[in-house]
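The values are calculated or read from the model by the stated rules, or taken from the named source; none is laboratory data. Since the structure is predicted, the reported quantities are computational estimates derived from the model, not experimental observations. Note that we place each Cβ from the backbone using ideal geometry, even for glycine, and neighbour counts take in every protein chain shown. Calculation scope for accessible area: heavy atoms of the full protein, side chains included, ligands and nucleic acids excluded. Shrake-Rupley method; radii C 1.70, N 1.55, O 1.52, S 1.80 Å.
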Amino acid sequence: MRMGWIRHGRTSWNAEGKIQGQTDIPLNEEGTAQARMLAARLAGDELRWDAIISSDLRRARETACIISARLGIPLLPADHRLRERGFGEIEGTTEQERLARWGPDWRRTYEGQESDADVTARGLAFIADMREQAPQRNLLVVSHGSFLNQLLHSLCDGLDDSYICNMSYSIVELQEGAWVSLLHNCALHLQSDFGGHV
């Protein structure tokens, strides 16, 4: 089984530096264009995907719809377990607002957000269900930055700690019972000199 993990395209809140969490924000024009860029890359790639699934939040679902249409693969029903981490009161705030209210260590000290353990548990439960339903299926999954960072590091050892950017693309493959990273946090398709065509 192979899984391609994708962070959704850019939104207006991404552009403003606001944390979205589980607030349901749609793609902006740039995010739609980014999704088309990745779809073009995937269409020209030798790897083939059997289906695509996303979280039920609009920015992920819209990204998945664009890719599904370009690749001509089924769009599976959305799964709430793929949602972004819940950030509580921090959702909708800018970095400046977070620093003013919770201080420079807000990422560590703010207690109103969903725990790493809970994020990992729902991600692993989703993967277990997908393996049970169709163990030979190669599946694209569109989700969210904090969720992906937490889950991918729990699946694979030795991944770099780089920021999961909008429209990044990662691939993991199940080999002898363990997940192996084939590609991590790649956004080459967003570069103007990339060979793919929108």
Exercise. Can you list residues whose amide H is under 5 Å from T11's amide H, if they're 5+ apart or on another chain and H is modeled 1.01 Å from N?
Worked result: N28
Problem set entry | Per-pair calculated FRET efficiency, R0 = 35 Å: A100 and R131 via Cβ, rounded to 0.05 | 0.20
Problem set entry | the range 17-106: GluC sites (Glu not before Pro) in DSSP coil with no more than 16 other Cβ atoms inside 10 Å | E46
Exercise. Helix 29-43 versus the longest principal axis of the chain: what angle, 0 to 90°, nearest 10, using Cα atoms?
Worked result: 30
For this session: Determine the distance separating the Cα centre of the range 107-186 from the Cα centre of the range 75-103; give it in Å without decimals.
Result: 17
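Leaving out ligands, DNA and RNA, and with a 1.4 Å probe, what % of the accessible surface on the chain is carbon or sulfur?
Values: 4490 of 9500 Å².
Exposed carbon and sulfur together represent 47 percent of the surface.
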Problem set entry | Length added when fully stretched, L159-L47, from 0.36 nm per residue minus Cα-Cα | 38.2 nm
Exercise. Where both residues lie in the chain, what percent of DSSP beta bridges are antiparallel, nearest 5?
Worked result: 50
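Suppose the chain between R107 and R58 were pulled fully straight at 0.36 nm per residue; how much longer would it get relative to their current alpha carbon spacing? Let's see the in-between values first.
On the way: separation 49, 0.36 × 49 = 17.64 nm, distance 2.51 nm.
Stretched fully, the R107-R58 segment lengthens by 15.1 nm.
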Exercise. Residues of the range 55-131: accessible area per residue at 1.4 Å, in Å²?
Worked result: 53
